[in-house]
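A short worksheet on the structure shown next.
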Amino acid sequence: MKLLARADHLVLATIWAESLRAAGIRCELRNTMLSGAIGEIPFLECAPQLWIERELDEPRALEILQQLRQPARGPQWRCTACGEFSEPQFGACWKCGAVRPV
C-alpha cells in the first residue's frame, strides 16, 4: 500500500476513491473518523488519506486526481423539463432533478 493523497474532508476523499475504483485502481480510505480529533492531533494526522494498493498504479491515479481537481469547463446548461440553468459540472437539474440532456 502507498499513500497517494490527503484530502481536506471525507466527501472529497470519497469522490477520489470512487473515481479511482471506477478506473480499476484498487484503493482504500484511511483516517475517515478522525475529524473530531483535530486540535488534539495534528491536522495532517486527522485528514482522510487515500492509499493505493499497487505502486504501479500511481502515475494513472495521480493523473485522475489531477483531472478531478480541474474546474468544470463549459457553459451553463438549461433544463429541458423546467427551464432552470445549471453549472456545467452538474449532471442533473438542481431544481427538478431531471437528467442533463446529452
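The values are calculated or read from the model by the stated rules, or taken from the named source; none is laboratory data. Remember, predicted model here, so these are calculated numbers, not experimental data. Backbone-built Cβ (ideal geometry, glycine too); neighbour counts: all protein chains shown. Keep in mind that these areas ignore ligands, DNA and RNA; they rest on the heavy atoms of the full protein, side chains included. Shrake-Rupley method; radii C 1.70, N 1.55, O 1.52, S 1.80 Å.
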Could you look at the chain and say what percent of its accessible area is carbon and sulfur, using a 1.4 Å probe and all protein chains?
55 percent
Roughly what angle does helix 58-69 make with the longest principal axis of the chain, taking Cα atoms, 0 to 90 degrees, to the nearest 10?
40 degrees
For the chain, give the magnitude of the charge dipole about the Cα centre (Cβ charges: +1 Lys/Arg, -1 Asp/Glu; no others), in debye to the nearest 20.
380 debye
On average, how much area does the Cα convex hull of region 35-87 cover when viewed from any direction, in nm²?
7.3 nm²
Heavy-atom surface of the chain, accessible at 1.4 Å and reported per residue (Å²):
69 Å²
When the expected Rg is taken as 2.2 N^0.38 Å, what fraction or multiple of it is the alpha-carbon Rg of region 1-97?
1.35
Can you give me the convex hull volume of the Cα atoms of region 1-45, divided per residue and expressed in Å³?
70 Å³
GNM flexibility winner over the chain from Cys46, Cys82, Cys27 (Cα, springs under 10 Å)
Cys82
Order by accessible surface, 1.4 Å probe, largest leading, for residues Leu44, Leu20 comes to Leu44, Leu20
Using amide H atoms built 1.01 Å from N in the peptide plane, name the residues 5+ places from Leu4, or on other chains, whose amide H lies under 5 Å from its own.
Leu50, Trp51, Ile52
